[in-house]
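Here the structure comes first, spelled out in structure tokens, and everything after it is commentary.
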Amino acid sequence: MFAIIDIETCGQRFEFRKGRITEISILLHDGLSVTEKYTTLINPECYISPFFISLSGITNEMVESAPKFYEVAKTILEMTEGRIFVAHNVGFDYGFIKEEFASLSRKLISGKKSYSLGNLCESLGIEIENRHRAEGDAVATAKLFDILMQVKAHHPQYRTKGLDELMVRRIDKIKKYILDKLPEECGVYYFLDQDKQIIYIGKSTNAYNRALSHFNTKEQKGRKMLNELYNVDFVPTGSELLALLLENQEIKAHKPKFNRRRKADSFTHCIESFTDDYGIINFRIVEYQEAENALLSFVSYFAARERLESLIDEYTLCLKYSGLTGDESVCFNHQIKKCNGICSGDEEIEEYNKRAIKLFKSYSYTDSSFMIIDKGRTTDERSLLLVKENRLIGYTYIDESTTLSSTEEILQIVKKAAYFPDNDEIIKSTLKQGKFGKYIKLE
């Protein structure tokens, strides 16, 4: 026996004084036809806004004398207890109704552009009377359910399956499939949709555990991604640093729809440093192509400006020597005591430069050329990453017993990496955290 339920509400999510149920309709169905019906308005004990009145036609006056939810809760429980709960995309913001019927619809009637109640019924020729009232929607859902039961009876894949088996959520099946394919290893994983398009790229030191965390998310965007997930690929890296770099490169190459960070590959502005004729270390924002000594790169001027202003506050720098005020003026920060007065002659150059050097070092490599030897993909393999003249050149894998005698020899074996300025930020961050194997300075 099935309980087909539809509700109308006065809010987009459940809040005790803002969003409550205003009407509920329950149709009991034995798999062949409707056997019992219950419909009632419900006093939500809160104000119904004009928007929701226009949507459902249910006014504050209509529900004023209607029973409150607790007064009908027993009836609702008696009608639904022990029955399979069937609904169609209703009350999704409240968590009252799960989308089990939507899942069933997608399995038995595939290939529809939309599985909303209105669009699905329209495509099947089902007329909905009294649309956006609970009973009208529930009756339409019951008609749709009749069709699905008929389709199931003749479906080669589902006709021999019991309803409990059929109603197991697709997400639970795909979860097992995905987790079975991923090892507990370090690397980069690619989530694919039904058309084998990459929808998400991630990295982890344990791909299995990271994928498991995706399935446990309660975030709406994360749940939406799981609904589109069909397959996974995995590239082992051994080294966490190489996993970070490969992830960055692949996100920029494929721009997956569910990745939020590191999509941009077009950098427009940089923060760079230089020393002026008075020996004062300056910082300024320049266009990316003009940068000679870039510390950080950005995809817009505004992003660079925001970071520079943050650094000025953090290191007590002067607006004048950060390119954010005129050369002849005393900076505004000095007037509000956020600058120590290098611009007015009140601070010694040496003292000011100490803070500027500290900033510079925090975003610079200690050595201009070096390599990092780290974990490989197997126990007898090592990864090798090369930075030359303050820029990532590339990486490769070598046998544990391999010896290299010169930078030129290393250059011949490394796999050249596409250059993105934020690669340097990833490497610098890894060096600060000490999450790598052996560091070798190169002449």
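Residue order for Phe2, Phe191, Phe85, fewest other beta carbons within 10 angstrom first, comes to Phe85, Phe2, Phe191.
Between Glu306 and Phe85, full extension at 0.36 nm per residue minus the direct alpha carbon distance yields a gain of 74.4 nm.
One quarter of the convex hull surface built on the alpha carbon atoms of the stretch 370-441 amounts to 4.8 nm², the projected area averaged over directions.
Each label point was placed 7 Å from the Cα along the Cα-to-Cβ direction; for Phe360 and Ile336 their separation is 2.8 nm. The Cα trace of the stretch 378-419 gives Rg and Dmax of 10.6, 31 Å, the first to one decimal, the second as a whole number. Pop the C-beta distance of Glu348 and Ser405 into the FRET formula with R0 = 51 Å and round what comes out to the nearest 0.05. With R0 = 51 Å, the Cβ-Cβ based efficiency is 0.60. The relative contact order of the stretch 269-362 comes to 26 percent, based on Cα pairs under 8 Å that sit 6 or more residues apart.
Relative protection proxy for 397-403, 57-63, from highest mean packing down: 57-63, 397-403 (other beta-carbon atoms within 10 angstrom). From the alpha carbon centroid of the stretch 214-233 to that of the stretch 185-205 is 11 Å. Report the Cα centroid-to-centroid distance between the stretch 403-443 and the stretch 289-331 in angstrom, as an integer. Value for the Cα centre distance between the two parts: 28 Å. With a Förster radius of 60 Å applied to the C-beta separation of Asp327 and Lys181, the computed FRET efficiency comes to 0.50. Just check the stretch 302-361 against the gyration tensor rule for me: Cα atoms, a ≥ b ≥ c as the square roots of the eigenvalues, rounded for a/c under 1.5, and otherwise prolate or oblate depending on whether a/b exceeds b/c. Oblate is the answer for the stretch 302-361, as a/c is 1.5 or above yet b/c matches or exceeds a/b. Taking 29 Å as the limit for the C-alpha separation, the pairs Lys37/Lys218; Lys181/Lys255; Lys338/Lys441 exceed it in the case of Lys37/Lys218; Lys338/Lys441. Note on Asp172 and Lys257: with the Förster distance fixed at 25 Å, the Cβ-Cβ geometry gives a FRET efficiency of about 0.60.
Extension gain, Asn227 to Glu36, is 65.4 nm, computed as 0.36 nm per intervening residue step minus the present C-alpha separation.
At the listed q of 0.11, 0.13 Å⁻¹, the Debye profile of the stretch 170-254, built from one uniform point per Cα, gives log10 I(q)/I(0) equal to -0.26, -0.37.
Here, each number is a calculation from the coordinates, and none is a lab measurement. None of the values given here were measured: they were computed from a predicted structure. Positions of Cβ are generated from backbone atoms using ideal geometry, with glycine treated the same way; all protein chains shown enter the neighbour counts.
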